[in-house]
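What follows is a single structure, written as structure tokens, with notes after it.
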Amino acid sequence: MSLLINMPGRSWRGTLPPLPEAQRALAGELRRDVTHLAVGIGARNVWRPERMSAAADMIIAELSTAGLSVVQYSYNIGIMQCVNIEATLRGATHPDEIIVIGAHYDTVDETPGADDNASGVAGLLALARAAGRYRPARTLRFVAFANEEPPFFQTEQMGSVVYAGLCRARGDDIRAMLCLEMLGYYRDEKGSQWYPPVLGPVLRPFFPSEGNFIGFVSTLRSLRGLRQTVGAFRRAAQFPSEGAVLPAVLSGLSDNWAFWQHGYPAVMVTDTAMFRNPHYHTAGDLPETLDFERMARVVSGLEAVMIELAGGDAGQEHD
């Protein structure tokens, strides 16, 4: 089994420092967006087209308000229309080199999907807003995908598979893809982090028993991007983090898998909800179960990752 956990920097340990005012405000934005998606709209998928459209409209409006150029890419599954949403901030000096930050906006039916994956979408929108403060060297793309959940997962109808295939067909030079997959659930109790039965004996000696960290995972082919991502996050964020190369059965559980299929490097950023969150894929996946202050710390760290990957300078904001 491929298992590589030697990552740059050190994970934060101990009590978290006081939350800065800017991150407190960010926590409020994240709560607002998650609540709108999970409660204001609710379960959203192709069998609930009006709700999928409402979610898409909300995402498009927020990305447009952030000052980004927004394009919709539609495709059909039978008579059902599906939409991937792309927003772009063109790079200043290397515009043909692209960094993709993506999250799926659909849910399993009958679940409001606060963690899976309104939290990822809220993080995507927050990073898109933050991007406007910088002048990145590379182009930044923020993409919201349809149809990540079953029965479309790892099929040709999965939104990210369609989108990554389009990118490959037109020759897009994607240097890195960050997949935001569940960012909001954290617990400090020992035993609150679970591991799959078959691999548990291998993983437990290396990873915490507390579900209070954010995880970064990839396969060996994306190792360079994984190490850069973890290193940048740890330099910027005072928050527990774990990074690892894992078998695709564990590391390919979201839209990052689609980019691997088309030869692009990709890293999944996740709270590992399926191994931590008892509300995963249930009607109990509600905003009140999430920790928005910790989520704000994570998204702030990801802002620094975004700027490093894009070749910008986090100390030089665009006027």
Coil-residue trypsin sites (Lys or Arg not before Pro) of the range 1-106, DSSP, other Cβ within 10 Å capped at 16: 10, 13, 90
Once residue 64 and residue 199 are pulled to full extension, the length gained, defined as 0.36 nm per residue separation minus their Cα-Cα distance, is 44.3 nm
If I model a spin label as a point 7 Å beyond the Cα along the Cα-Cβ vector, how far apart are those points for residue 74 and residue 133 in nm? 3.7
Quick one: if you stick a label point 7 Å off each Cα along the C-beta vector at residue 155 and residue 228, how many nm between them? 3.5
Per residue, the convex hull volume that the Cα atoms of the chain enclose (Å³): 123
Treat the count of other C-beta atoms within 10 Å as a stand-in for reagent exposure and order 97, 62, 156 from fewest to most. 156, 97, 62
Report the antiparallel proportion of the DSSP beta bridges in the range 21-309 as a percent, rounded to a multiple of 5. 45
Normalised by the residues of the range 75-185, what does the relative contact order come to in percent, with Cα pairs under 8 Å and at least six apart? 42
Principal axes first, then extents: for the Cα atoms of the range 237-297, list largest minus smallest coordinate on each axis, whole Å, largest first. 38, 31, 16
For the chain, averaging the sequence separation of alpha carbon pairs under 8 Å that lie six or more residues apart and dividing by its residue count, the contact order in percent is 26
Rounded to the nearest 20 debye, dipole of the chain from Cβ charges on Lys, Arg, Asp, Glu: 880
Could you please rank 300, 254, placing first whichever residue has the fewest other Cβ atoms within 10 Å of its Cβ? 300, 254
Short version: ³J(HN,Hα) in whole Hz for each residue of the range 260-265, in order, from phi by Karplus 6.51 cos²θ - 1.76 cosθ + 1.60 (θ = phi - 60°), x for Gly and Pro, what are they? 4, 5, 9, x, 9, x
Beyond 26 Å, the calculated P(r) of the range 1-111 holds a percent of Cα-Cα pairs equal to 43
Among 167, 45, 226, flag the residue with its Cα farthest along the positive direction of the charge dipole of the chain, charges on Cβ as +1 for Lys/Arg and -1 for Asp/Glu. 226
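Readers should treat all values here as calculations from the given coordinates under stated rules, not as data from a laboratory. Everything numeric in this text was worked out from a predicted model, so none of it was measured. Here Cβ is always computed from backbone atoms with ideal geometry, including for glycine, and neighbour counts include all displayed protein chains.
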